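The values are calculated or read from the model by the stated rules, or taken from the named source; none is laboratory data. Please read these numbers as outputs of a predicted model, since none were measured by experiment. Every residue, glycine among them, receives a Cβ derived from its backbone with ideal geometry; neighbour counts consider all protein chains shown.
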Ligand code: MSP
C-alpha cells in the first residue's frame with residue numbers, strides 16, 4: 001500500500017476548541033487508523049495556527065503578549081486530540097522555530113522563482129476569516145461568515161502571482177478525485193474560471209508573525225504561513241529524519257467548506273510556485289450545525305466536545321460524529337441525537353449483542369466455544385465482503401457509508417439471535433451441534449465486527465475482543481469469517497454502554 005498522510009486544518013487559537021473542530025480531527029483519525037490497520041505507513045497531522053491578527057487581538061485584550069497568550073491556550077488545543085483518542089503522529093504549532101524557518105525558506109523559493117512582487121493593497125479585510133474581501137464576497141456590506149463589516153486596509157505588501165497559475169490549476173481539476181465531493185470541486189473550479197486575483201502573502205505594520213526574509217519589516221500573511229505547515233511538519237516532526245520524501249505528495253487534506261478557496265486554489269498554486277508537487281487529494285466536508293446554525297464561537301452556541309465526552313465517553317462521541325451526519329454534507333446536530341444513538345445503537349444493537357453472546361456461551365457451554373464454523377452459512381456470507389466494502393468506502397472518505405455497512409452486519413447478527421433462538425436449542429441435547437454453530441457465528445461475527453469498528457471506536461473494539469477472549473490484533477485481514485479458534489473462559493461481559501439517566505441539557 002502506498003503511504004498515507006492525512007491532515008486537519010490547524011485551528012486558530014483565538015478561542016477554545018468546540019465540537020466542530022473535534023469533528024474534523026475525529027474524521028482524520030478514523031481514516032488514519034483504518035489505513036494503519038490495512039498495513040499502510042500512515043502519518044496524521046493536526047495542530048494550531050497561531051499567527052493570526054485575531055490571536056494578537058485577543059492576547060491584547062487579556063493584557064498578554066501574543067506568544068504568552070498562545071503558549072497558554074495551546075495547552076487545551078494539544079489536549080483536544082488526546083481527549084478524542086486521536087492517534088496523531090505530531091501536533092504542530094506555527095510558532096515552532098522549525099516551522100518559522102521552513103516558511104521563510106518556502107517564501108524565499110517563491111520569491112527566487114519570480115512569483116512575488118510588491119504592490120499596494122487597498123481594500124477590505126475580514127479578521128474573522130483572516131481574508132482579503134471584495135464587495136462581491138459581502139452580503140449587506142457584511143462578511144456572511146462572521147456577520148461583521150470587514151475593515152478597510154491600505155498596505156504596501158508582497159503579492160503572489162496567483163493569476164499566472166490558472167492553467168496549471170485547471171489541469172489539476174481534470175483529475176476527478178482531486179477535490180471531493182464533486183460539487184466542491186465544481187465550486188473551486190468555477191472560482192478559478194471566474195478569474196484569479198493575485199493575493200498578498202505579507203502584512204505590513206504587524207509584528208505578530210513570521211518575518212518576510214527579504215523584508216523583515218513585514219510578516220507573512222497568516223495563510224501563507226499556516227498552509228505551509230502541511231509540508232514543514234514532515235521536515236521536523238521526527239528529529240534527524242526528513243519525512244517529506246516518504247509522505248509528500250501522498251497527502252489527504254480534510255477541511256470544511258469555510259476554507260475551501262485557501263486549500264483548493266491558493267495552496268496548490270503556492271506549492272507549484274515553490275517547486276513542490278500539489279496535494280494528492282482534498283476532502284471538503286460540511287458544517288456540523290446546531291439549531292440550523294454553524295457551531296462557532298462568534299455565533300455563541302458552542303458545544304464543548306469535552307463535556308460530551310465526560311457524559312458519554314469518547315467512543316460514543318466519535319461514533320456519533322461519523323454517523324449522525326453523512327460525512328461531506330451539512331447536518332443538524334443535537335445532544336438528544338447522541339443520547340438516542342448511545343442507547344439504541346451502541347447500547348442495544350452492539351452492547352446487548354455482546355452481553356447476550358457471552359452470557360449464552362457461559363451458561364450453555366461453561367465458557368468454552370467450540371470451533372464450529374459454517375462457511376456456507378448466512379453469517380459467513382454477510383461477513384465475507386465486509387473488509388473490501390468498508391475499505392472501498394473509506395477510500396472515498398465515506399465514513400458514514402462504511403460505518404453503516406458495518407452496522408448492517410451488527411443487525412444481521414442480532415437477527416440471527418432472534419431467528420435461531422439459542423435458548424430453545426439449549427433445551428434439546430439433540431440440537432447441541434446447532435447451538436455450537438450459532439454460538440460460533442455470533443462470537444466470530446462480533447470479533448470481525450470489532451476489528452472493522454476499531455478505527456471508529458478503538459476502546460470499544462478492544463473491549464469486545466477482550467470479552468470474547470480473542471487475540472487483540474486488529475490487522476485488516478482479521479475482518480473475515482471463521483478465524484476464531486476454540487476459546488475458553490468466556491464470561492458474561494460487563495455492559496459496554498451502561499444506561500445513562502437522562503440527556504444532558
Ligand atoms: N486556521 C485556519 C486553518 C488553517 S489550515 C492551514 C482555520 N482555523 S479554524 O479554527 O477556523 O478551523 C476551521 C476548521 O475547523 C474547518 O475547516 C473545519 O475543519 C473545522 N470546523 C470548525 N467548525 C466546524 C463546524 N461547525 N462543522 C464542521 N467543521 C468545523 O480556519
Per the filter on region 121-142, residues assigned to a loop (DSSP other than H, G, I, E, B) and surrounded by 13 or more Cβ atoms within 10 Å (Cβ to Cβ) are 127, 128, 129, 130, 138
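Per-residue answers, yes or no, for (1) over 23 Å from residue 240 (Cα atoms); (2) in contact with a strand residue (DSSP E or B) (Cβ under 9 Å, 6 or more places away or on another chain); (3) surrounded by fewer than 22 Cβ atoms within 10 Å (Cβ to Cβ):
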site: 39; (1), (2), (3): yes, no, yes
site: 51; (1), (2), (3): yes, yes, no
site: 76; (1), (2), (3): yes, no, yes
site: 84; (1), (2), (3): yes, no, no
site: 92; (1), (2), (3): no, yes, no
site: 112; (1), (2), (3): yes, no, yes
site: 119; (1), (2), (3): yes, yes, yes
From (1) surrounded by fewer than 24 Cβ atoms within 10 Å (Cβ to Cβ); (2) more than 10 Å from the ligand (Cβ to nearest atom); (3) not in a strand (DSSP E or B), pick out the condition that doesn't hold for residue 24.
(2)
Can you say whether residue 10 is within 10 Å of the ligand (Cβ to nearest atom) and buried (at least 19 other Cβ atoms within 10 Å of the Cβ), as far as the supplied structure shows?
yes
For region 247-299 the number of residues that are modelled with pLDDT of 95 or more and more than 9 Å from the ligand (Cβ to nearest atom) is 26
Taking region 27-38, which residues are touching a helix residue (DSSP H, G or I) at 6+ places or on another chain (Cβ under 7 Å) and within 16 Å of the ligand (Cβ to nearest atom)?
27, 30, 31
Condition check: in contact (Cβ under 8 Å) with a residue 40 or more places away in the chain, more than 30 Å from residue 438 (Cβ to Cβ) and touching a strand residue (DSSP E or B) at 6+ places or on another chain (Cβ under 6 Å). Does residue 361 satisfy that?
no
Taking residue 337 as the residue in question, decide whether it is closer than 22 Å to residue 456 by Cβ, in contact (Cβ under 8 Å) with a residue 12 or more places away in the chain, out of contact with any helix residue (DSSP H, G or I) (no Cβ under 6 Å at 6 or more places or on another chain) and part of a helix (DSSP H, G or I).
no
For region 363-407, the count of residues that are out of contact with any helix residue (DSSP H, G or I) (no Cβ under 8 Å at 6 or more places or on another chain) and assigned to a loop (DSSP other than H, G, I, E, B) equals 7
In the list 191, 102, 159, which residue meets the criterion of being surrounded by 16 or more Cβ atoms within 10 Å (Cβ to Cβ), on the phi < 0 side of the Ramachandran plot and touching a helix residue (DSSP H, G or I) at 6+ places or on another chain (Cβ under 8 Å)?
102
Residues that are near the ligand (Cβ under 7 Å from one of its atoms) and within 25 Å of residue 3 (Cα to Cα): does region 235-246 have at least one?
no
I'd like to check something: does region 207-215 contain any residue that is in a loop (DSSP other than H, G, I, E, B), surrounded by fewer than 15 Cβ atoms within 10 Å (Cβ to Cβ) and at positive phi?
no
Out of curiosity, is residue 63 assigned to a helix (DSSP H, G or I), out of contact with any helix residue (DSSP H, G or I) (no Cβ under 8 Å at 6 or more places or on another chain) and either away from the ligand (no atom under 16 Å from the Cβ) or farther than 20 Å from residue 247 by Cα (or both)?
no
Conditions: (1) within 30 Å of residue 395 (Cβ to Cβ); (2) within 16 Å of the ligand (Cβ to nearest atom). Residue 208 meets all but one. Number of the miss?
(1)
Among the residues of region 454-497, the number that are assigned to a loop (DSSP other than H, G, I, E, B), over 16 Å from residue 358 (Cα atoms), touching a residue at least 24 places away in the same chain (Cβ under 8 Å) and within 30 Å of the chain's Cα centre (by Cα) is 9
Of all residues in region 86-120, which are within 30 Å of the chain's Cα centre (by Cα) and assigned to a strand (DSSP E or B)?
90, 91, 92, 93
What are the pairs, 6+ residues apart or on separate chains, where a residue within region 295-321 that is outside any helix (DSSP H, G or I) has its Cβ under 8 Å from a residue that is modelled with pLDDT of 95 or more and crowded, with 18+ Cβ neighbours inside 10 Å?
313/497
